[in-house]
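Down below is the structure, laid out as structure tokens.
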Amino acid sequence: MAAVSSVPARPAARSRRRPSSVSAVSWGLLRWGTIALALLAVLVPFFWLVSTSFKREVDYLADPPRFLVENWTLAGYETLFSRNDLGHFFLNSVVVTLASTALAVTLGSLAAYTLARARLPFKLNGALAFWMLLTRMYPAIATAIPYFLIIRDLQLLDTRWALIVTYTAFNLPFVVWLMIGFFEEVPAELERAAMIDGCGAWQRFTRIVLPISGPALVATAILSAILAWNEFLFAVMLTRTEAKTLPVVMAGFITDKGMLWDQMTALGVVTVLPVLLFALAVQRYLVRGLTLGAVKE
Amino acid sequence: MASVEFVHVSKRYGRVEAVSDLSLRIADGEFMTLVGPSGCGKSTTLNMLAGLDEVSAGEILIDDEAVTGMPASERDIAMVFQSYALYPHMSVRDNLGFALKVHGEAKAAIAAKVDRAAAMLGIADLLDRKPRQLSGGQRQRVALGRALVREPRLFLLDEPLSNLDAKLRVQMRAELRLLFDRLETTVVFVTHDQAEAMTLSDRVAIFDRGVVQQVGTPMELYDAPANTFVAGFLGSPPMTFLEATVADGAAGPMLAGEGFALAAPAPRDRLRRGQPVVVGIRPEDIEVSRDAAGHPAATAISLVEPMGSTTIVYAPLGGKLIAIETDKGTDLAPGDPIGIGVPPDRLHLFDPETGRSLSA
């Protein structure tokens, strides 16, 4: 040992060849430039939304536009809350989002588990999975009129149920496809061990597969919820007054007399907030869920 | 405690026959090892017994009761998987108690059984950890514990040692044998490692390409292999096979090949002159003579491998490199001329066409 330690340490760091400084600098520029561009693209509209909601009319209509608010005001928020029954519409959005997400995740993960594990006859697994995806391949507007008529005949127009059913249907293919991928990552031997331990198919699913897939379920649920929360086209089509959700209310500020930017942006902020807080709270699961299986533990 | 019987069992995947016409009886309390190279059908056989794979034809009996269509969950067997298959979201304690919980046992009874199994395996201090916080050897013990807790009538072990490093594997091998000696339960053990098969088992069934080649105690198989596959599979270094022809010698029939002649084993009357045979020689049966000049099987050493307790020497003979086990203090060196002799009763003779033993 003494002989080893007496060998003088080589100044390895200094003698190692550095990449040429020009290329290092240009790589750095490229990298940070790209990140900055991506951040700008995401944050500037958001900043514009938030700042506009605090501007006076003269400021948000100014030409050239004013980026920074000099005299900020809460007037937009005050009008928004005093003139609209926001609580009711907020509740609509919450109920519709939670119910459709819960339904889509429950039904979707059951379907995904079957498609991932069972060997259906006539190679139906692939056909069924593809068929579900097919429902997302045409623009939703293509089915708008028949869909409206169906919902009308079911007497569900302007009810929360109309939107719950619609969003569940929208989100199902998405949940199924995401969850098939996650379930296929669950080692088959775990389920074989559970079989030996006395579990039937249902117990294997609820006691082994679902708990392991927790992060994936959370990630899928978040993405479904955001989709339902922000959906506009079907919400505006299927609701009148009672079952309106926040995006529909927001669109209502485009009036024949002009755009009520202050209220619209204020509601925009109010709508973003719960999703933002929720996403921050479960961010850990989201990242883990979306990268599940990418790295072996 | 249970006996197991396979009656003409086959398993086909499409057109591939993974196991063909298997008939095998495993006695109550026996430690039976299914051994063979990968893809030989041993794991498929175990999975069929567990109820994880369906049987294509034939019947499987446990305690003389047909279980062929019975789901795995109802067979009252425990299994240890090669990957251990511990439930990653449960603590060690919950992993051990899971089967009992599924079967609706009382909490207190589960706790008592889990504690006892944990003590038996020396993992009592790990009970609150999650599987990912355990080393390979610890996971292995938990997997074993999960099987033990059940007190099943049958233990199935699928390559349970092959994910351990070499040193730990040998240690766990001995522990396994002690453990199952104490439990006196029927065990079916699957491995590709001939050393595990030899050391652990009461009896061994050797598989190749879906067919059982021979069943017997380890020493029966080692001493009287039924064919060249069994002979070559058991033993390390393996038996050397030399091509030879039966010829007349001064003291009776000889086995003559390329550059060697050896006295044929008794009984000699079944050997015809000119008959081609395959001669199997185990490394430890060879007697080395320093007097190579004029020796009927003369060669020169090409390689010396000291193993510690013994030394393995390699020399070319009959177109092959023959392995010879010698004492550890040997002064044989590469290039030394030697003569090779084998006591006739230690030779194994096989039919070159079928590979079957001619000794039986």
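The values are calculated or read from the model by the stated rules, or taken from the named source; none is laboratory data. Given the structure is predicted, the values throughout are model-derived calculations rather than measurements. FYI the Cβ positions are ideal-geometry reconstructions off the backbone, even for glycines, and counts take in every protein chain you see. All accessible areas refer to the heavy atoms of the entire protein, side chains included, with ligands and DNA or RNA removed. Shrake-Rupley method; radii C 1.70, N 1.55, O 1.52, S 1.80 Å.
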Exercise for the section: Note down the magnitude of the dipole of chain B about its Cα centre, charges +1 on Lys and Arg C-beta and -1 on Asp and Glu C-beta and zero elsewhere, to the nearest 20 debye. Expected result: 1020
Fill in the blank from the handout: Taking N as the residue count of segment A:23-73, its alpha carbon Rg divided by 2.2 N^0.38 Å gives 1.63
Completion exercise
Kirkwood Rh for segment A:73-211 from C-alpha pairs, in Å, is 18.1
Handout entry: Compactness of the protein assembly as shown as Cα Rg over 2.2 N^0.38 Å, two decimals
Key = 1.44
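Before we go on, tell me the buried accessible area for the B/A pair, both chains summed, 1.4 Å probe, in Å² to the nearest 100.
That pair of chains buries around 1800 Å² in total.
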Practice task
Mind giving me the nanometre distance, one decimal, between the label points for B:GLU30 and B:GLN133, set 7 Å out from Cα along Cα→Cβ?
Solution key: 4.4
Handout entry: Estimated dipole of the protein assembly as shown in Debye, rounded to 20 [Cβ of Lys and Arg +1, of Asp and Glu -1, Cα centre]
Key = 2400
Problem - Dipole of chain B [Lys/Arg +1, Asp/Glu -1 at C-beta], most positive-end residue of B:LEU179, B:LEU242, B:GLN138 - result: B:GLN138
Exercise for the section: Sticking to Cα atoms, compute the Rg of segment B:199-285 to one decimal and its Dmax as the biggest Cα-Cα distance, whole number, in Å. Expected result: 15.0, 45
Fill in the blank from the handout: Carbon and sulfur atoms account, in whole percent of the 1.4 Å probe accessible area of the protein assembly as shown, for 60
Completion exercise
Taking max minus min of the Cα coordinates of segment A:152-297 on each principal axis, largest first, gives extents in Å of 70, 38, 18
Problem - Extension gain from B:ALA250 to B:ASP291, taking 0.36 nm per residue of separation minus the Cα-Cα distance - result: 12.7 nm
Exercise for the section: Indicate the residues belonging to segment A:174-207 that lose 10 Å² or more of solvent-accessible heavy-atom surface (probe 1.4 Å) upon moving from the chain alone to the assembly of all protein chains, ignoring ligands and nucleic acids. Expected result: A:GLU189, A:LEU190, A:ARG192, A:ALA193, A:MET195, A:ILE196, A:ASP197, A:GLY198, A:CYS199, A:GLN203, A:ARG207
Exercise for the section: Starting with the highest mean, order A:62-75, B:110-123, B:77-90, B:301-314 by the number of other Cβ atoms within 10 Å, averaged over the residues of each peptide. Expected result: B:77-90, B:110-123, B:301-314, A:62-75
Handout entry: Charge-dipole axis of chain A as Lys and Arg at +1 and Asp and Glu at -1 on Cβ define it, positive-most pick from A:PRO139, A:PHE122, A:ILE226
Key = A:PHE122
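Calculate the FRET efficiency for A:LEU37 and A:VAL287 from the Cβ-Cβ distance with a Förster distance of 25 Å, rounded to the nearest 0.05.
Working: r = 22 Å, r/R0 = 0.90.
Efficiency for this residue pair is about 0.65.
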Practice task
Calculate the spin-label point distance for B:THR217 paired with A:TRP202, positioning each point 7 Å from the Cα along the beta-carbon direction, and give it in nanometres.
Solution key: 5.2
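Between A:PHE278 and A:TRP72, 0.36 nm times their residue separation minus their Cα-Cα distance comes to what?
Result: 71.4 nm gained on full extension.
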Exercise for the section: Would you check the accessible area of B:HIS295, probe 1.4 Å, heavy atoms only, in square angstrom rounded to 10? Expected result: 50
Exercise for the section: Starting from 0 in steps of 10 Å, tell me what percent of the Cα-Cα pairs of segment B:217-360 lands in each bin. Expected result: 12, 43, 34, 11, 0
Practice task
Starting from segment B:222-288, pick out the GluC sites (Glu not before Pro) whose DSSP state is loop and whose Cβ has at most 12 other Cβ atoms within 10 Å.
Solution key: B:GLU258
Practice task
Filter the DSSP H helices in chain B by two things, a Kyte-Doolittle mean of at least 0.0 and an axial alpha-carbon span of 18 angstrom or more, and list the hits by number.
Solution key: B:107-121
Handout entry: Projected label distance in nm at B:LYS167 and A:MET259, using a 7 Å step from Cα toward the beta-carbon
Key = 7.3
Problem - FRET efficiency estimate (nearest 0.05) - Cβ-Cβ, B:VAL16 to B:LYS320, R0 22 angstrom - result: 0.10
Handout entry: Within straight-line cross-link reach of B:LYS113, lysines at Cα separation under 16 Å, skipping those fewer than 8 residues along the same chain
Key = B:LYS101
Problem - For segment A:103-184: accessible area per residue (Å², 1.4 Å) - result: 58
Handout entry: Extreme residue, positive dipole direction of chain B, given options B:PRO296, B:ASN163, B:PHE189 (C-beta unit charges)
Key = B:ASN163
Problem - Percent breakdown of C-alpha pair distances by 10 Å bin, ordered from the shortest bin, for segment B:4-233 - result: 8, 33, 35, 20, 5, 0
Completion exercise
Everything considered on the Cα gyration tensor (a ≥ b ≥ c; rounded for a/c under 1.5, else prolate if a/b is larger than b/c, else oblate), segment B:201-252 must be described as prolate
Problem - Gyration tensor verdict on segment A:91-147 (Cα atoms; rounded if a/c is under 1.5, prolate if a/b is larger than b/c, oblate otherwise) - result: oblate
Problem - Coil-residue GluC sites (Glu not before Pro) of segment B:46-122, DSSP, other Cβ within 10 Å capped at 11 - result: B:GLU54
Fill in the blank from the handout: Cross-link reach from B:LYS328 to lysines, straight Cα distance under 30 Å and at least 8 residues apart if same chain, gives B:LYS167, B:LYS320
Fill in the blank from the handout: Cross-link reach from B:LYS107 to lysines, straight Cα distance under 26 Å and at least 8 residues apart if same chain, gives B:LYS130
Handout entry: segment A:108-178, relative contact order in percent, only Cα pairs under 8 angstrom and at least six apart counted
Key = 57
Fill in the blank from the handout: So for R0 = 30 Å, FRET eff. of A:GLU184-A:ASN230 from the Cβ-Cβ r, to 0.05, ends up at 0.55
Handout entry: Label zone at B:ARG346 (point 7 Å along Cα-to-Cβ), backbone N below 12 Å, segment B:267-282
Key = B:281-282
Problem - Extension reserve of the B:SER302-B:GLU353 stretch, reckoned as 0.36 nm per residue once the Cα distance is removed - result: 15.3 nm
Problem - Cβ-placed point charges (K, R +1; D, E -1), dipole of segment B:280-360 about Cα centre in debye, nearest 20 - result: 140
Fill in the blank from the handout: GluC sites (Glu not before Pro) in segment B:155-215 lying in a DSSP loop, each with at most 15 other Cβ atoms within 10 Å of its Cβ, come to B:GLU184
Exercise for the section: Name all residues of segment A:74-88 having a backbone nitrogen under 15 Å from the label point set 7 Å from the Cα of A:ARG56 along its Cα→Cβ direction, giving them as ranges. Expected result: A:74-76
Handout entry: Quotient of C-alpha Rg and 2.2 N^0.38 Å, computed over segment A:177-242
Key = 1.64
